[in-house]
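Chemist: Handing you this structure, nothing more for now.
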Amino acid sequence: MKYASYVGLEIHIHLLAKSKAFCSCAARFGDEPNTNVCPVCLGHPGVLPALNEEALFMGYRVAQALGCELSRRTIFERKNYFYPDMPKNYQISQFAAPLGVSGGFEFEVKGETRRLAIRECHLEEDAGKLIHAGSVTLIDYNRAGFPLLEIVTEPDLKDGEEAEAYLRSFRRLVRHLGVCDGNMEEGSLRCDANVSVNEEGRGLGVKVELKNMNSSRFVRMGLDYEIRRQTARLAEGKSIQQETRLWNENRDVTETMRKKESASDYRFFPEPDLPPFEPGEAFLERVAGLAIELPLGRKRRFVGVLGLAEEQADQLVEEKSVADYFESALALGAEARTAATWITGELRAQLLRSGQDIAASPLGPRRFAALLGALAEGRIQGTIAKQVLKAVLDEDKDPEAIIAERGLEQITDRGALGAMVDEVLAREAATAARVRSGDKKALAFLVGEAMKASSGRAAAGTLKEIVMERLS
Amino acid sequence: MLDELEPWSGLLSDPKRRAAYEAYAEGWEGRIGAFLQFSPDEPAGRRGAGQAAAKPAARLAAAGPAGRDPAEPAAAPTTEQGPTGALALVPFAVKDNIAVEGFRMTCGSRILEDYRPPYTATCVARLQAEGALVVGKTNLDEFGMGSSCDNSAFARTSNPYDSALVAGGSSGGSAAAVAAGLVPFALGTDTGGSVRQPANFCGVYGLKPSYGAVSRFGLAAYASSLEGAGVLGRSIDVVEEVFRAMVGVDPLDQTTVAGPGRPGTEAAEPKSVGVVRGLGGLDPAVEAAYRGALAALADSGLRLVELDLPMLDYVLPAYYTIATAEASANLARYTGIAYGRRCAGAENPDDLVRRSRGEGFGDEVKLRVLVGTFVLRSGFQDRYYHKAQTLRRAIRDELAGALREVDLIAMPVFPTQAFAHGDSGMDQFQQKMADKFTCTANLAGLPALAVPTGLSGGLPTGIQLLAASFREDRLFSCARRLAPAFPLPEPPSFSREFLR
Ligand SMILES: [Zn+2]
């Protein structure tokens, strides 16, 4: 018997809005517990939510980037359930008319491009956080009311590998959009999954919800485990129970959290405190105006038009700031492949060392292009260029200034080079004699000594020519 | 300032008059129990509380969509003599489900018996900005659920005309306080008639503004899409003055809208009144008073037009389905966790929530929360909640259509006059059935006014007027036409001596 598996994801992202979704409290992590709170997000009697348009705007941007139809009249609803960290015991969310529906998103997996259908994007508010301390339970409401965007995909993924690949592409997208930092460890990007297995050709099986996967790797492992578990049960003639399971990252298994019978009835109904939001033309134009080239499209352009290697292009588009930097340098005259090599190689390593961010580092695209220019013109050597790069990062000066100050420019003058060579040949007379009698290895040694004598600044080709002339 | 408010202004800062006032109020309170908290002392301190209250509200205001005017109520202009606003130093009372910093807000419920709101409702803040002073919080049916004030967890409010009878509800405390002359006006809330019915029982004016005209920010929510703050007063001029001070867009309540009912808009005199055909079930005294009021409307020059409103038969099921559904969510926040009454010795968070709610809520509240939870269950919404919304739209359309033909609609307020406390009065189900005339305006979002029309058998009677959305001006001008025919009644031992 052949089985097919069906995986859908529900991703929640914390939007990087300045304030919470329905009050003016700061939406910020890491503050003292219960300092970013007010009567609204604490759910005091008599308060009303006031929609933060910035969060909604970010939601529309994500929906657009995912190719969704944007709602012209989006409605907020109350999702009713009791939980100790939910101040109102209902969550303001969306149900019947989410802000975006019916999209699709392309990503690469196993060397192929796949298109995943997106069911919907909706805006909602986060809850507080329970802190269990010995025999007491404490609540931090700083997170209560954080704007959350939930993105629900169709169950079109096959396995853990595809889910992980999609999740990584999605994370890259929201970071490019600048609407979420994508940090799964801190919970600013959370991923739940639904998975079912059935005999091939018979459609979806019994759906199992999977939660508590705190990294993209755990998403892959959890799904693969769950697919194996369900397939094995079916193969034994057993049935699958509709339930919610948790990924146990210590034991690498999924475990039952709650059965269907105890599942909540959320009793959705339209939020009477918030009128439907009808984005005007100006709002939608602003959304469209901020549309970006999607990371995958950009990567393809880097490969197809600029001739970069796949892997290098992938590295460049991983962060929007890096890809933007790359293109700025190109606009200032840098050659694409050289720039890509330097950005993904030496520059990346030096930035890691100095802890600087590419967008804010002293080596802006203009200085970077100038550095590559000096290299291309042969005014400096590759090893010298690395020294200059480091010096720019450390001292915040123009590369030209550093080259001039330190006299790093390449030496091409035959007379000066000849003097250096003569000095080396006098010092290394025995080795020179071996070269004259045909020892090619010793030639490289003499050229290297001459290069050292020039502090690495000698034009390598000319230097070698002169050594060979002198020894012929 | 209105002539009739002048004597009230500064009353509390004049030690001699204040003593007489307190004695008068004390005498009444022993008989009617209108207030849950009464503290007319230290008016300056109270003003301070009001101004402090503007602070959190101002902070919250920034939550509105960018570019919106925060429309913060301006602080009362002060001179050497004191504030000079339209309500300068005039005392008023506030129903105890409206937040006023410096006072508790119990909502008539054990679950909030010691709750002190950290902010002030916009409607109150706007009156404070005109210089008005809150003297106390008035009794109500728990969370506004009831028509008698007998459903309060703390006190029973009696009718100033006969203490064996109820003051009505749920804003019964505000109605009784105004009728007894303890304040020139009071705020109530009206979800299904909670301002108009007690106003009618106590013989004062009761205005329910259009939905969206007055901010709900600071009103402990019962049924959000139906309710709003209303005004009870002893004259239509005072009611209008207070309404004008409260009306307007509030960034803290995104359901508020700017409407043509604002000050300065054209106030065309109403010419016609629709009279609903075939209204049955009225007590004989109510029926007679209603006929008398219609005759007075005709005498004042208004054309009476008979109307059929068949959708009125669906008002009650639609109203109670929607009201309870919203209540089930609105009251879910009362758990004893972050504020409010918490049960002792809870085993775990679930146990804490279950027991705090079990101990904190009264029976009528529990009934409505259960009904509301029931009508919202998935798979049953089409049968209940969605059907109620469909009915609501039909009711609204029918009334809007009628109000294109006529300027106003006249109806009784309630089928009976004030009834007796307890079992000898109306039971809870009968009370709900009797809400039919008042709930209509809430379902349709229309402004409505209870107008007192004198006494019958020693008890107040009245008539209700409805107008198109944001046409409060028509209600006021019609009430003024009726005023000469119906001088405001005064309950036994009513006095204004302390104002001299
Ligand atoms: Zn807040």
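Chemist: Tally up the residues in the range B:368-385 that are over 16 Å from B:SER328 (Cβ atoms) and of a type outside the set (Asp, Glu), please.
Modeler: 2
Chemist: Considering only the range A:125-156, state which residues are more than 14 Å from chain B (Cβ to nearest Cβ) and either within 22 Å of the chain's Cα centre (by Cα) or within 16 Å of the ligand (Cβ to nearest atom) (or both).
Modeler: Within the range A:125-156, A:ASP126, A:ARG143, A:LEU148, A:LEU149, A:GLU150, A:ILE151, A:VAL152, A:THR153 qualify.
Chemist: Can I ask one more? Please go through the range A:178-228 and pick out each residue that is surrounded by fewer than 14 Cβ atoms within 10 Å (Cβ to Cβ), in contact (Cβ under 8 Å) with a residue 60 or more places away in the chain and over 15 Å from A:ALA4 (Cβ atoms).
Modeler: Correct list: A:GLU186 only.
Chemist: Those residues that are assigned to a helix (DSSP H, G or I) and open to solvent by 40 Å² or more (accessible area, probe 1.4 Å), I need them from the range B:321-357; list them, please.
Modeler: Listed by number, the residues that qualify are B:PRO349, B:ASP350, B:ARG354, B:ARG355.
Chemist: Return a yes/no flag: does the range A:324-343 have any residue that is under 15 Å from the mean Cα position of the chain (by Cα) and crowded, with 19+ Cβ neighbours inside 10 Å.
Modeler: No, that holds for no residue.
Chemist: Out of the residues in the range B:470-482 meeting the condition of being hydrophobic (A, V, I, L, M, F, W, C) and more than 20 Å from B:ILE395 (Cβ to Cβ), tell me which one is surrounded by the fewest Cβ atoms within 10 Å (Cβ to Cβ).
Modeler: B:LEU482
Chemist: Restricting to the range A:48-57, and then to whatever is crowded, with 22+ Cβ neighbours inside 10 Å and more than 7 Å from chain B (Cβ to nearest Cβ), can you tell me which residue is farthest from the ligand (Cβ to nearest atom)?
Modeler: A:LEU56
Chemist: Would you please name the residue that is modelled with the lowest pLDDT, looking only at residues in the range B:21-62 that are in contact with a strand residue (DSSP E or B) (Cβ under 8 Å, 6 or more places away or on another chain) and small (Gly, Ala, Ser)?
Modeler: That would be B:ALA62.
Chemist: For residues that are open to solvent by 30 Å² or more (accessible area, probe 1.4 Å) and farther than 15 Å from A:GLU400 by Cβ, tally how many sit in the range A:346-378.
Modeler: Here the count works out to 12.
Chemist: Looking only at the range A:1-26, which residues are within 16 Å of the ligand (Cβ to nearest atom) and touching a Leu at 6+ places or on another chain (Cβ under 8 Å)?
Modeler: Residues satisfying the conditions are A:HIS14, A:LEU15, A:ALA21, A:PHE22, A:CYS23, A:SER24.
Chemist: Can you tell me which residue within the range A:1-30, out of those that are more than 23 Å from A:LEU116 (Cα to Cα), in contact (Cβ under 8 Å) with a residue 40 or more places away in the chain and small (Gly, Ala, Ser), is nearest to the other protein chains (Cβ to nearest Cβ)?
Modeler: A:ALA21
Chemist: Restricting to the range B:101-139, count the residues that are among the hydrophobic types (A, V, I, L, M, F, W, C) and within 13 Å of another protein chain (Cβ to nearest Cβ).
Modeler: Result for the range B:101-139: 9.
Chemist: Of these, A:GLU243, A:GLU271, which one is over 30 Å from A:LEU56 (Cα atoms), assigned by TED's automatic domain parsing to the domain that holds A:GLU226 and either surrounded by fewer than 14 Cβ atoms within 10 Å (Cβ to Cβ) or touching a strand residue (DSSP E or B) at 6+ places or on another chain (Cβ under 8 Å) (or both)?
Modeler: A:GLU243
Chemist: Which one of these does A:LYS88 not meet: (1) open to solvent by 30 Å² or more (accessible area, probe 1.4 Å); (2) within 16 Å of the ligand (Cβ to nearest atom); (3) of a type in the set (Lys, Arg)?
Modeler: Of everything listed in (1) open to solvent by 30 Å² or more (accessible area, probe 1.4 Å); (2) within 16 Å of the ligand (Cβ to nearest atom); (3) of a type in the set (Lys, Arg), A:LYS88 misses just condition (1).
Chemist: Here is a further query. How about the range A:275-386: which helices (runs of 4 or more DSSP H) wholly inside it have at least 1 residues that are of a type in the set (Phe, Trp, Tyr)?
Modeler: In the range A:275-386, the matching helices (runs of 4 or more DSSP H) lie at A:281-289, A:295-304, A:320-331, A:336-342, A:365-376.
Chemist: Return the residue satisfying two criteria in turn: it lies in the range B:373-391 and is away from chain A (no Cβ under 12 Å) and part of a helix (DSSP H, G or I), and of such residues it is farthest from B:ALA467 (Cα to Cα).
Modeler: B:LYS387
Chemist: For the range A:115-124, state whether one or more residues are within 12 Å of chain B (Cβ to nearest Cβ) and crowded, with 22+ Cβ neighbours inside 10 Å.
Modeler: No - not one qualifying residue is present in the range A:115-124.
Chemist: For B:LEU455, work out the one condition from (1) assigned to a strand (DSSP E or B); (2) more than 17 Å from B:VAL286 (Cβ to Cβ); (3) open to solvent by 40 Å² or more (accessible area, probe 1.4 Å) it doesn't fulfil.
Modeler: Tallying (1) assigned to a strand (DSSP E or B); (2) more than 17 Å from B:VAL286 (Cβ to Cβ); (3) open to solvent by 40 Å² or more (accessible area, probe 1.4 Å), B:LEU455 fails exactly one: (2).
Chemist: Kindly evaluate A:ARG78 against the criterion of being away from the ligand (no atom under 15 Å from the Cβ), at pLDDT 95 or above, assigned by TED's automatic domain parsing to the domain that holds A:ALA163 and surrounded by fewer than 20 Cβ atoms within 10 Å (Cβ to Cβ).
Modeler: no
Chemist: Another one. Output the residue which, of all residues in the range A:31-40 that are open to solvent by 10 Å² or more (accessible area, probe 1.4 Å) and facing chain B (nearest Cβ under 10 Å), is farthest from the ligand (Cβ to nearest atom).
Modeler: Across the range A:31-40, the extreme among qualifying residues is A:ASN34.
Chemist: Only one of B:SER174, B:SER170, B:SER163, B:SER152 is modelled with pLDDT of 95 or more, polar (S, T, N, Q) and surrounded by fewer than 24 Cβ atoms within 10 Å (Cβ to Cβ); which?
Modeler: Unique residue meeting the criteria: B:SER163.
Chemist: Residue check: is B:LEU232 within 14 Å of chain A (Cβ to nearest Cβ) and buried (at least 24 other Cβ atoms within 10 Å of the Cβ)?
Modeler: Answer is no for this residue.
Chemist: Looking only at the range A:65-94, count every residue that is under 14 Å from A:GLU124 (Cβ atoms) and away from chain B (no Cβ under 11 Å) and tell me the total.
Modeler: Of the residues in that region, 4 qualify.
Chemist: Here is a further query. Kindly indicate whether any position in the range A:58-70 is within 15 Å of the ligand (Cβ to nearest atom), open to solvent by less than 10 Å² (accessible area, probe 1.4 Å) and in contact (Cβ under 8 Å) with a residue 24 or more places away in the chain.
Modeler: no
Chemist: Tell me which of these B:ALA467 doesn't satisfy, since it passes every other one: (1) farther than 20 Å from B:LEU282 by Cβ; (2) open to solvent by 10 Å² or more (accessible area, probe 1.4 Å).
Modeler: (2)
The values are calculated or read from the model by the stated rules, or taken from the named source; none is laboratory data. Being a predicted model, the structure only gives us computed values, none of them experimental. Neighbour counts are summed over all protein chains in view; Cβ atoms, including those assigned to glycine, are modelled from backbone coordinates with ideal geometry. Surface areas here come from the heavy atoms of the whole protein model, side chains and all, with no ligands, DNA or RNA. Shrake-Rupley method; radii C 1.70, N 1.55, O 1.52, S 1.80 Å.
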